[in-house]
Amino acid sequence: MPQEHYFSSEPTTKKIETEISFQVAGATFDMVAATGTFSSTKLDPGTKVLLSQTALLPKDGNVLDLGCGWGPIGIAIARLCPKTKVWAIDINQRSIEQTQANAYRIGLLNFTAHLAQDLPKDLKFSAIWSNPPIRIGKVALHELLNNYLPRLEEGGKAYLVVQKNLGADSLLRWLAEEFKDHEVSRLGTAKTYRVIEVASPAKSQSK
């Protein structure tokens with residue numbers, strides 16, 4: 001029987017829930033993860049690194065949590081940045097259900113979770129935050145980023161966290177080559193993880 005991954009669309013493993021508590025910007029989040037989703041027993045270290053970048057949190061606008069798992073990134077942004085509208089997506093049905101349950105538990109009104117194919121096609125984002133699914137393979141990862149990074153608004157920014165030994169530097173080079181009109185940079189390294197920023201060009205000002 002082939003191994004089932006967190007990026008399976010319909011996990012068949014028995015659902016076992018784990019309560020997880022973590023802090024972002026001094027706020028405590030009590031959430032529940034489930035087997036068959038990404039990092040199902042703890043807050044992933046890369047996600048923790050990304051959420052530590054509190055100075056980068058978006059102030060408003062539509063925000064995409066790309067590959068939401070059980071929801072820690074998008075839910076944290078929605079709670080800490082109430083003027084945003086956060087859209088969390090995944091291809092994993094159990095991830096969406098768990099994310100929705102966690103958002104409901106916190107009582108968020110500016111948050112919604114959808115399967116990726118159900119995201120409105122014409123929706124643009126002021127920010128994209130993601131701990132991307134590196135283990136889907138380079139070709140699939142590049143396709144994923146090519147699908148969503150162009151949906152940044154003018155002046156919008158994407159923040160990706162990638163482990164160094166899983167190809168963070170090669171991904172950085174690919175992004176710079178693929179998105180030549182964007183500003184691609186490495187913001188820093190923490191605990192072997194790189195945080196990458198992809199900034200869409202701002203609208204030119206007419207004279």
Quiz prompt | Candidate set from the range 113-143 (those that are outside any strand (DSSP E or B) and in contact (Cβ under 8 Å) with a residue 60 or more places away in the chain); member that is surrounded by the most Cβ atoms within 10 Å (Cβ to Cβ) | solution = ASN131
Quiz item: Between residues in the range 57-84 that are under 14 Å from ILE20 (Cβ atoms) and residues that are outside any strand (DSSP E or B) and of a type in the set (Phe, Trp, Tyr), which pairs lie under 9 Å by C-beta distance while being six or more apart or on different chains?
Solution: GLY69/TYR6; GLY69/PHE38; TRP70/PHE38
Quiz item: Which members of the range 179-207 meet the condition of being among the charged types (D, E, K, R) and more than 20 Å from the chain's Cα centre (by Cα)?
Solution: LYS180, ASP181, LYS203, LYS207
Practice problem: Scan the range 74-87 residue by residue and report those that are in contact with a helix residue (DSSP H, G or I) (Cβ under 6 Å, 6 or more places away or on another chain) and closer than 16 Å to VAL161 by Cβ. | Solution: ALA76
Quiz item: In this structure, does LEU160 turn out to be at pLDDT 95 or above, within 20 Å of ASP90 (Cβ to Cβ) and assigned to a strand (DSSP E or B)?
Solution: yes
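The values are calculated or read from the model by the stated rules, or taken from the named source; none is laboratory data. Since the structure is predicted, the reported quantities are computational estimates derived from the model, not experimental observations. Methodologically, a virtual Cβ is constructed for each residue, glycine included, from the backbone with ideal geometry; neighbour enumeration extends over all protein chains shown.
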